[in-house]
Amino acid sequence: MNDQILIQSIISIFTVFASGFFSFLLTLYKIRSENKTKSNEFEIKNRELEQRLTELEKSQRHEIDKLTAEYELLKSSKSDDMQNEMLGKFFSGELDFSRLAKSIDGLSQLNNKVKNLK
């Protein structure tokens, strides 16, 4: 009789343990599956964001290159305009290099006086 009670107790304990262990394994599997799914979702989202960032960088780089080219063209145009204007003034007599040379000499003398005052 004692043996039967012991066997029934062991069977009851084993049944409870087996169902608990089975439940634990199912829960563990479910959690791992959910984590893997979330990890895959984050990975996909990360790739999408990296792709978007790359597209924005290319777009902005294109805009910067375009603005730089426009600036260089405008700068070159202004420089050419200034040179043409100076040549026009020189040939029309408005620009006198002798007066310009005297002005430069006067400026260098003034600069020397300022240096001496320091």
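Since every read-out is calculated from the coordinates, none of them should be taken as a lab result. Just so we're clear, the structure is a prediction, and the values are computed from it rather than from any experiment. Reconstructed Cβ throughout: ideal geometry from the backbone, glycine too, with neighbour counts over all protein chains shown.
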Next item on the list: Could you check the simple spin-label distance between Tyr29 and Glu55, using points 7 Å along Cα→Cβ, in nm with one decimal?
Entry: 4.0
Margin query: With unit charges on the beta carbons (Lys and Arg positive, Asp and Glu negative) and the dipole taken about the Cα centre of the chain, which residue among Asn40, Val114, Leu26 sits farthest to the positive side?
Written below: Val114
Check: How much FRET efficiency would the formula 1/(1 + (r/R0)^6) give for Glu72 and Asn40, where r is the Cβ-Cβ distance and R0 is 41 Å, rounded to 0.05?
Finding: 0.30
Next item on the list: Would you give the gap between the C-alpha center of the range 51-118 and the C-alpha center of the range 16-34, rounded to a whole Å?
Entry: 78
Item checked: Cross-link partners of Lys89 among lysines (Cα-Cα below 28 Å; sequence separation of 8 or more within a chain) -> Lys75, Lys78, Lys102
Margin query: With θ taken as phi - 60° and the coefficients 6.51, -1.76 and 1.60, list the Karplus ³J(HN,Hα) couplings across the range 53-70 in order, rounded to whole Hz; mark glycine and proline as x.
Written below: 4, 4, 4, 5, 4, 5, 4, 5, 4, 4, 5, 5, 4, 5, 5, 4, 5, 4
Next item on the list: Have a look at Phe91, Ile11, Ser59 and report the one farthest towards the positive end of the charge dipole of the chain, computed about the Cα centre with Cβ charges (Lys/Arg +1, Asp/Glu -1).
Entry: Phe91
Check: Given charges of +1 on the Cβ of Lys and Arg and -1 on the Cβ of Asp and Glu, with all other atoms neutral, how large is the dipole of the chain about its Cα centre, in debye to the nearest 20?
Finding: 540
Check: What is the helix-to-structure angle for 97-117, meaning the angle in degrees between its Cα long axis and the longest Cα principal axis of the chain, kept from 0 to 90 and rounded to the nearest 10?
Finding: 70
Check: What number, rounded to the nearest 500 deg cm²/dmol, is the helix-based mean residue ellipticity at 222 nm of the chain, given -39500 (n - 2.57) per DSSP H run of at least four residues and division by all its residues?
Finding: -36000 deg cm²/dmol
Next item on the list: Please give the contour-minus-distance gain from Ile10 to Phe90: 0.36 nm per residue of separation, less the Cα-Cα distance, rounded to one decimal in nm.
Entry: 17.1 nm
Item checked: the chain: C-alpha gyration tensor shape, a/c 1.5 cut-off, then a/b vs b/c -> oblate
